[in-house]
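Trainee: Have a look at the structure that comes next, please.
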């Protein structure tokens, strides 16, 4: 038990990332409100990005930008995770934009953002087709 | 001839350019351009297929000449090229066959944007087929999701908005899980390219450390892509999505988009984890155990449906179950059978989705079975093609569906394990009976008068439900000659492919086997 706790404390960034991911996932799954679902999705993605970013950073090392000549490669961090985080953020932003526009459309039609209510409202439409 | 090595990249980059170009064209020109462009793409992919089968070796295209651990790569073997040719052909046929309904369902000023999305979707499909980099896979996975959502929502009735929201929420869930899996695998291996990842994973497994983490990340990846492709029990979004989309979109979504996710999953199993390692992990049992209930419950839900489109959508869920069962068998023949089923399903299901709206069209635009009575007589060509596809789905010899089921049975025998053989045979038998139950029932319905005994030969065209008050344009009630011709061309191509897969199945299987040899 103590070992698990000390392992979690030693890797607190990864632990926080997974906790964030689970919070986001449960929001996306269990919240009826579409906007809250979207916020959940963003938290979930942030968890993944935190995981990546924390792995990419090593203490006492610098970004691999040459300022005063080339130093030992142990002095630099790996820049790839940061690049992946940036790509991921772009993807996440565009998905959020599309989802928000969908929410507007849904709201205009049903005057509610609660997905369960919308489902009930649309049910009778489905049956008469 | 080495110039052909550039073609896989061309199929992705040119599709991205085309999507921008279609924004600038007007609707009809965009359609004409997309059709011509799809033909060019088929030619490019066929050239790659010819090249890799002639040289007998897969090739890797290194982007920007950055060597292996750093750069981004595209890889082409027989399997990738074959899938690209089949997918592009199905895409072309879907665009041709559903054109008439696109004019009805989509506002005329937005048709060019529809083709923008179709080209974007083509780029994503091609990238998922060719890529050798798992993060590129993630990016194009999201592009595929967004463009799928776009072609779904383009038909402006209320249900499509709801269907799109549900589709997107589930897909976002899947994407999030997939991203977590990719991040975990990257943290374990330190690579994103598939070849170095595989080397690192086999080292980890040989040292017997971190197997649990690999299993966990693979499980997360599998569930993520399983949600997106409609693995049991995540198939409940299918009927709303496929049932409300315009026919071209329904055909593309069910035959291509959801299958592209399975191809990516397959790639991860073979090229990232390595199939020897994968077969030691418990994940393939998970697939096997979820595939079989998918086959049964998908069919049971289809039987209970009263709407032909939703019935076919549930049948897609059942067919996806077959594919996952094949992946889960853990034998080389199981993978061959799963890939054959993937191709057979793409060819059959797309034609079904293109044909049912024609039956509905002569039945007062109703998709309910009681109104469809006798529609096969009112529109003879649609009835004929529907019957052919139904026979294929049930698994009558001569058609693709039969060969697929046969290969699953052979693969189950080949494993030599009773634990696989018995459930597979039972599931195949039960699912064949269930398939027959709802497809043959539908065929009988579209050719008979039903209880009322009314005159079924007269076409019933009622007032338009989709009539767009805003556009104010008169709707084409009767079909023009060119619309009819394009449906016939696409139906004949898809039926031809179906018969080819059924009658000469060994040719496709040889290609798949050759491809799998190159794939590892």
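Trainee: I'd like the FRET efficiency for residue B:54 and residue B:430, computed as 1/(1 + (r/R0)^6) with the beta carbon distance as r and R0 of 41 Å, rounded to 0.05. It would help to have the intermediate numbers written out before the result.
Mentor: Numbers: r = 44 Å, r/R0 = 1.07.
Using R0 = 41 Å, I get an efficiency of 0.40.
Trainee: Counting only other chains, and only Cβ atoms inside 10 Å, what mean value do you get across the residues of B:163-170? Please list the in-between numbers first.
Mentor: Details: counts 1, 5, 11, 3, 1, 9, 10, 2.
Rounded to a whole number, the mean comes out at 5.
Trainee: Mean separation of Cα pairs under 8 Å and 6+ residues apart, divided by the residue count of chain B: what relative contact order is that in percent? Display every interim value, and only then the final one.
Mentor: Values: 855 pairs, mean separation 84.4, N = 520.
Averaging sequence separation for qualifying contacts and normalising by length gives 16 percent for chain B.
Trainee: In which sequence would A:62, A:37, B:228, B:267 go, from the one with the fewest C-beta neighbours within 10 Å to the one with the most?
Mentor: Values: A:62 11, A:37 25, B:228 30, B:267 21.
With the sparsest Cβ surroundings first, the list reads A:62, B:267, A:37, B:228.
Trainee: Determine, for each peptide in B:181-194, B:406-419, B:53-66, the mean count of other beta carbons within 10 angstrom over its residues, then list the peptides with the highest first.
Mentor: Details: B:181-194: 21.6, B:406-419: 16.7, B:53-66: 12.6.
Per-residue Cβ counts within 10 Å, averaged per peptide and sorted highest first, yield B:181-194, B:406-419, B:53-66.
Trainee: Based on the Cβ-Cβ distance of residue B:417 and residue B:503, what FRET efficiency does E = 1/(1 + (r/R0)^6) give at R0 = 41 Å, to the nearest 0.05?
Mentor: Values: r = 31 Å, r/R0 = 0.76.
For residue B:417 and residue B:503, the calculated efficiency is 0.85.
Trainee: For segment B:88-165, would you read off the P(r) tail past 15 Å as a percentage of all alpha carbon pairs? Don't skip to the answer; put the middle values down first.
Mentor: Values: 1816 of 3003 pairs.
Cα-Cα pairs of segment B:88-165 separated by over 15 Å account for 60 percent.
Trainee: Can you bin segment A:2-127 into rounded, prolate or oblate? Criterion: square roots of the alpha carbon gyration tensor eigenvalues sorted a ≥ b ≥ c, rounded for a/c under 1.5, prolate for a/b above b/c, oblate for the rest.
Mentor: Details: a/c = 5.67, a/b = 2.11, b/c = 2.69.
Oblate.
Trainee: Taking every pair of alpha-carbon atoms in chain B, give the share separated by more than 43 Å as a whole percent. Could you put the intermediate results ahead of the total?
Mentor: Working: 17222 of 134940 pairs.
Percentage above 43 Å: 13.
Trainee: In 10 Å bins starting at zero, report the fraction of Cα pairs in segment B:255-296 per bin as a rounded %.
Mentor: For segment B:255-296, the pair-distance distribution reads 26, 48, 25, 1.
Trainee: If you don't mind, another one. Restricting to DSSP H runs of at least four residues, report the calculated mean residue ellipticity at 222 nm for chain B, -39500 (n - 2.57) per run over all residues, nearest 500 deg cm²/dmol. Can you show the working numbers first?
Mentor: On the way: 23 runs with 387 residues, N = 520.
When only DSSP H runs of four or more count, the value is -25000 deg cm²/dmol.
Trainee: Okay, next question. Counting alpha carbon pairs within less than 8 Å and at least 6 residues apart, what relative contact order, in whole percent, applies to segment B:22-75?
Mentor: Working: 24 pairs, mean separation 10.5, N = 54.
Averaging sequence separation for qualifying contacts and normalising by length gives 19 percent for segment B:22-75.
Trainee: Quickly work out the residue B:485-to-residue B:213 label distance, labels modelled 7 Å from Cα along the C-beta direction, and quote it in nm with one decimal.
Mentor: For residue B:213 paired with residue B:485, the spin-label model returns 6.2 nm.
Trainee: Mind checking the mean number of beta-carbon atoms from other chains within 10 Å of the Cβ atoms in A:42-52?
Mentor: 4
Trainee: Shifting gears a bit: If you fit an axis through the alpha-carbon atoms of helix B:400-415 and take the longest principal axis of the Cα set of chain B, what angle between them do you get, 0 to 90°, nearest 10?
Mentor: Roughly 30 degrees, rounded to the nearest 10.
Trainee: OK, next. For residue B:28 and residue B:303, calculate 0.36 nm times their separation in residues minus their Cα-Cα distance, and state this gained length in nm to one decimal.
Mentor: Numbers: separation 275, 0.36 × 275 = 99.00 nm, distance 3.90 nm.
Extending this stretch completely gives an extra 95.1 nm.
Trainee: Also, quick follow-up: Would you please give the FRET efficiency between residue B:276 and residue A:116, computed as 1/(1 + (r/R0)^6) with r the Cβ-Cβ distance and R0 = 60 Å, to the nearest 0.05? Walk me through the intermediate numbers first.
Mentor: Working: r = 46 Å, r/R0 = 0.77.
In this case the efficiency is close to 0.85.
Trainee: For a distance above 19 Å, tell me the whole-number percent of Cα pairs in segment B:7-149 that qualify.
Mentor: On the way: 5307 of 10153 pairs.
Value for segment B:7-149 (Cα pairs over 19 Å): 52 percent.
Trainee: How crowded by other chains is B:241-247, given as the mean number of beta carbons from other chains within 10 Å of each beta carbon? Working shown, then result.
Mentor: On the way: counts 0, 0, 2, 3, 0, 0, 0.
Across B:241-247, the average partner-chain Cβ count within 10 Å equals 1.
Trainee: Note down the relative contact order for segment A:2-127 as a percent, whole number, built from C-alpha pairs under 8 angstrom at least six residues apart. Please report the intermediate quantities before stating the final value.
Mentor: Numbers: 115 pairs, mean separation 28.5, N = 126.
Relative contact order of segment A:2-127: 23 percent.
Trainee: Could I ask something else about it? Using only the alpha carbons, work out the radius of gyration and Dmax of the protein assembly as shown in angstrom.
Mentor: Rg, Dmax (Cα atoms, Å): 24.7, 91.
Every number in this text was worked out from the coordinates using simple rules, so none of it is lab data. Owing to the predicted nature of the structure, the values given are computational and were not obtained by experimental measurement. Every residue, glycine as well, gets a Cβ built from its backbone with ideal geometry; the counts of neighbours run over all protein chains shown.
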